[in-house]
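Heads up: the structure comes next, in structure tokens.
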Amino acid sequence: MKILILNGPNLNLLGKREPEIYGTETFEQYFETLKAKYSGIELMYFQSNSEGTLVDKIHEVGFSYDGIVMNAGAYTHTSVAIADAVSGVTTPVVEVHISNVHKREEFRHKSYLSPVCKGVILGFGLKSYELGVESFTK
Ligand code: DQA
């Protein structure tokens, strides 16, 4: 099984960025523990701050991978292009968020991605990614 973890804008700053919301661990550190835990799964990781690059990555893997666990960051709340990319591929996408966006500002309550994703996991810190991966296992 092949799964891509796809991170959007500002998630390269995890560990440094607003640690009271997003924690102190970098994604690279967390990804190592995730790979160790799911050694039977081919786990890939890609991050971009650019909307078009995220769209390109969804197109690239979206007809061959078994799943995408995606945290599109702020593009969650704005991007019709990413939503269309998710709709346009055959690989199921699970939307994840580190924080519980529904406890936060009103503008974070709207997701363009939720209606086109297989499911949504949010509010469990970095563990949200693990739960996203888990959702693809039997
Ligand atoms: C986030 C929530 C978004 O509102 C925010 O723009 C992010 C991170 C999360 O993982 O909690 O960049 O997706």
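Values in this text are rule-based calculations from the coordinates and carry no lab data. Since the structure is predicted, the reported quantities are computational estimates derived from the model, not experimental observations. Cβ sites come from the backbone with ideal geometry, for glycine too, and all protein chains shown count toward neighbours.
Could you please let me know if V120 is closer than 14 Å to L43 by Cβ, touching a Ser or Thr at 6+ places or on another chain (Cβ under 7 Å) and aliphatic (A, V, I, L, M)? Before you say what the answer is, go through the steps one by one.
Numbers: closer than 14 Å to L43 by Cβ: no; touching a Ser or Thr at 6+ places or on another chain (Cβ under 7 Å): yes; aliphatic (A, V, I, L, M): yes.
Taking the combined requirement at face value, the residue does not satisfy it.
Which of the strands (runs of 3 or more DSSP E) found entirely inside the range 1-118 contain at least 1 residues meeting this: free of Cβ contacts under 8 Å to residues at least 40 places away in the same chain?
On the way: elements: 2-7, 42-47, 67-71, 93-97.
The qualifying strands (runs of 3 or more DSSP E) are 93-97.
Before we move on, is G62 crowded, with 21+ Cβ neighbours inside 10 Å and touching a strand residue (DSSP E or B) at 6+ places or on another chain (Cβ under 9 Å)? Outline the logic, then answer.
Working: crowded, with 21+ Cβ neighbours inside 10 Å: no; touching a strand residue (DSSP E or B) at 6+ places or on another chain (Cβ under 9 Å): yes.
No; evaluated as a whole, the condition is false for this residue.
Regarding V133, is this residue within 27 Å of E25 (Cα to Cα) and in a strand (DSSP E or B)? Explain how you work it out, then say what you get.
Details: within 27 Å of E25 (Cα to Cα): yes; in a strand (DSSP E or B): no.
No: the conditions fail for V133.
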- Note on the structure: Exception for S128 within (1) under 19 Å from M1 (Cβ atoms); (2) small (G, A, S); (3) under 12 Å from the mean Cα position of the chain (by Cα) falls at (1)
- Item | Residues being more than 10 Å from the ligand (Cβ to nearest atom) and either of a type in the set (S, T, N, Q) or under 24 Å from E25 (Cα atoms) (or both) - total across the range 104-120 | 2
- Item | Complete set of residues in the range 127-138 that are within 13 Å of the ligand (Cβ to nearest atom) and buried (at least 19 other Cβ atoms within 10 Å of the Cβ) | S128, Y129, G132
